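Down below is the structure, laid out as structure tokens.
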Amino acid sequence: MSYEFITFEVKDAVAVLTLNRPSVLNSFTRPMARETQGALSAVEMDDSIRALLLTGAGRAFCAGQDLAEAAPDNDPTRADIGNIVETTYNPIIRAIRSLEKPVICAVNGVAAGAGANLALACDFVFAAESASFIQAFCKIGLIPDSGGTYFLPRLAGLARATAMMMTGEKIPAQRALEWGLIYRVFPDGELMDQATAFAVKMAGQPTKALGLIKRAINQSLSNDLKAQLELERRLQSEAGETEDYVEGVKAFLEKREPVFRGK
Ligand code: T3D
């Protein structure tokens, strides 16, 4: 598949998806969202891809919805933007959360609106020192979407999440790290090398087990302990049937590094 608004490359078992509309800070139009959705399903279908790295071209990660595309007018019959959310952002967030492979996000600059929440939906968020996170929605009279009202209170706690969402304050990368929103911060010039090396490392891990861990984490957000213990039992059975489990234990007993094949 060829792409116009993103780039998509696979190397060393890592797919790199780059949002690529830098002149408008990689804000989302429907065509860019469709391409992103297509690339995410390609990652899901291809067993040779064992990790995904998501980033943005130019000085920003993503400024959320392209406001020129979705500009409202005074026409009382104007389109329901809930439909944009349902067709543009929800499929992307669902695809990232249900992708049973590690998803690393390299936030190379500002992440605003749906762009911020896209980053926060990923498994590992790396950010450049100059990056920032803005729940910009309230500044234009909207509410956070793309999973923001789900992930942010869980990541930041109610007080910080409420403040971010109701003020639209810009949160610099270092503070996002201190608040537990993201995993690592690097000097700008080091971000992509660090994130790429990490993605390659994750692609060499026991992919099936990592996928099952992600499934368990997803369900832990709504399960009670009883249900979660039962889920762990079932998922451990699945993990125990993988070739990588056999290899992991064998390598340990032979005092060597395991060679995981993602099977
Ligand atoms: O349909 C729906 O609306 C429902 C879905 C909602 C999901 C959402 O994401 S709603 C939130 C949408 N996003 C925003 O409100 C953020 C808007 N952008 C900004 O607030 C600022 O651009 C930033 C804080 C992100 C960065 O500021 P700064 O000063 O670094 O850059 P800038 O000069 O504002 O932007 C550079 C260019 O990108 C500029 O174009 P120009 O003047 O060079 O021709 C600007 O207009 C353009 N740009 C930035 N963000 C968007 C955008 N163009 C269209 N849509 C954008 N979101």
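Cross-link reach is defined here as a Cα-Cα straight distance under 19 Å, omitting same-chain residues fewer than 8 places apart; for K101 the lysines meeting it are K11, K201, K208, K214, K263. The modelled label-to-label distance between Q228 and E100, using points 7 Å beyond Cα along the C-beta direction, is 2.1 nm.
Calculated mean residue ellipticity, 222 nm, the chain: -13000 deg cm²/dmol, from DSSP H runs (n ≥ 4) at -39500 (n - 2.57) each, averaged per residue and rounded to 500.
The relative contact order of the chain comes to 17 percent, based on Cα pairs under 8 Å that sit 6 or more residues apart.
Ordering of 1-10, 36-45 by packing is 36-45, 1-10, highest average first (other Cβ atoms within 10 Å, averaged per residue). When the chain is modelled as a GNM with alpha-carbon springs shorter than 10 Å, which of A13, A63, A251 fluctuates the most? Comparing A13, A63, A251 in the GNM, the peak value goes to A251. Length gained on full extension, A42 to E178: 45.5 nm, using 0.36 nm per residue less the C-alpha separation.
Using θ = phi - 60° in the Karplus curve 6.51 cos²θ - 1.76 cosθ + 1.60, the 3J(HN,Hα) couplings for the range 60-68 round to 10, 7, 5, 9, x, 4, 5, 6, 6 Hz; x is entered for Gly and Pro. Among R97, R184, R78, which one moves the most in a GNM of the chain with springs linking Cα atoms closer than 10 Å? The residue with the greatest mean-square fluctuation here is R78. Less than 5 angstrom separates the built amide H of V185 from those of A127, all sequence-distant by 5 or more or on a different chain. Give me the distance between the Cα centres of the range 191-263 and the range 69-112, rounded to whole Å. Going from one Cα centre to the other spans 29 Å. Within the chain, C62, C138 have no other Cys Cβ under 4.7 Å of their Cβ and so lack a disulfide-compatible partner by this rule. Taking label positions 7 Å along the Cα-Cβ direction at both T162 and A251, the computed distance is 4.7 nm, reported to one decimal.
DSSP finds beta bridges in the range 1-58, and of those with both partners inside it, around 50 percent are antiparallel.
GNM on the chain, alpha-carbon springs under 10 angstrom: the most fluctuating residue among C138, C122, C62 is C138.
Each value in this text was obtained by applying a stated rule to the coordinates, not by laboratory testing. Every value quoted in this text rests on a predicted model; they were computed, and no experiment measured them. Here the Cβ is made from the backbone with ideal geometry for all residues, glycine too, and neighbour counts use every protein chain on show.
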